[in-house]
Amino acid sequence: MGERSESRTATSILEAARRCLLAEGFAATSTRKVASEAGVPLSQVHYHFGSKAALLVEAALARLDAELRESVRLLAAAPSPGVGAAAVIRWLGGLDRDDPGVRTIVDLTVEAFRNPEVRPTIAAVLDTSRAEIAEVVAAVVPDRPGEPPSRGVADILAALFDGLLLHRIIDPGFDLEPAARAIETWPAGGGVTAAEQRP
């Protein structure tokens, strides 16, 4: 009974932290605000999560994961990695810099630079995303001798998406369409989607 109660308390705190993050962002969210939102004593926040950074990173990672999964979904639904990458780039170009998901990505990036304690947790989520992209690429364009391995291609695509999003956040007038058109024809991939390739 005690374990279930502790689990419920931790879940309530995490959900309250997510609501606070969406409403106010990292900087303005305090453990005191989260405790008030969750209806628990402040001591419970520290007992379950240790620090503000650990709590907010865990609360934000679900949002980051959703954003990363959208990239993987777009890639998997496309007839080639190039067409999929272009779809991801166009999706990134349509994001509002004030969108909570975009703001969460920026906050997590800053936190990873600032706080070595949480960096491995954020890095693990990004590594999983790169591995999923590699699976999609390999399904459409299997690794062959003399060609870049799918994991290397996935790393390049992830860096491309992150870099273009960063430029878009800093310069809202930056048009991503030329980049989308430039990558769209790479490679043909036989017109078979990753989803169709999977057993």
Taking only pairs six or more apart or across chains, which ones have beta-carbon atoms under 9 Å, a first residue in segment 95-108 that is touching a residue at least 12 places away in the same chain (Cβ under 8 Å) and of a type in the set (Gly, Ala, Ser), and a second residue that is open to solvent by less than 70 Å² (accessible area, probe 1.4 Å) and outside any helix (DSSP H, G or I)?
-> Gly101/Leu95
Note down all Cβ pairs under 8 Å where the first residue falls in segment 36-51 and is over 15 Å from Ser7 (Cα atoms), the second is among the acidic types (Asp, Glu) and at pLDDT below 95, and they're at least six residues apart or on different chains.
-> Ser51/Glu117
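A quick yes/no check of all residues on (1) closer than 19 Å to Arg114 by Cβ; (2) in a helix (DSSP H, G or I); (3) open to solvent by 70 Å² or more (accessible area, probe 1.4 Å):
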| site | (1), (2), (3) |
| --- | --- |
| Arg8 | no, yes, yes |
| Thr11 | no, yes, no |
| Ala17 | yes, yes, no |
| Glu24 | yes, yes, yes |
| Arg32 | no, yes, yes |
| Glu37 | no, yes, yes |
| Val40 | no, no, no |
| Gln44 | no, yes, no |
| Leu56 | yes, yes, no |
Counted residues in segment 129-150 being open to solvent by 20 Å² or more (accessible area, probe 1.4 Å) and modelled with pLDDT of 85 or more come to 4
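Determine whether segment 80-87 contains at least one residue that is β-branched (Val, Ile, Thr) and open to solvent by less than 30 Å² (accessible area, probe 1.4 Å).
The first filter runs over segment 80-87 and keeps only residues β-branched (Val, Ile, Thr), leaving 83.
Next, from what is left, pick out any that are open to solvent by less than 30 Å² (accessible area, probe 1.4 Å): none.
No - not one qualifying residue is present in segment 80-87.
Can you name the helices (runs of 4 or more DSSP H) wholly within segment 76-188 that have at least 1 residues being at positive phi?
Working: elements: 81-93, 100-114, 119-140, 150-170, 177-184.
Result: empty, no element qualifies.
The values are calculated or read from the model by the stated rules, or taken from the named source; none is laboratory data. Everything numeric in this text was worked out from a predicted model, so none of it was measured. FYI the Cβ positions are ideal-geometry reconstructions off the backbone, even for glycines, and counts take in every protein chain you see. Side chains included, ligands, DNA and RNA excluded: accessible areas come from the protein's heavy atoms. Shrake-Rupley method; radii C 1.70, N 1.55, O 1.52, S 1.80 Å.
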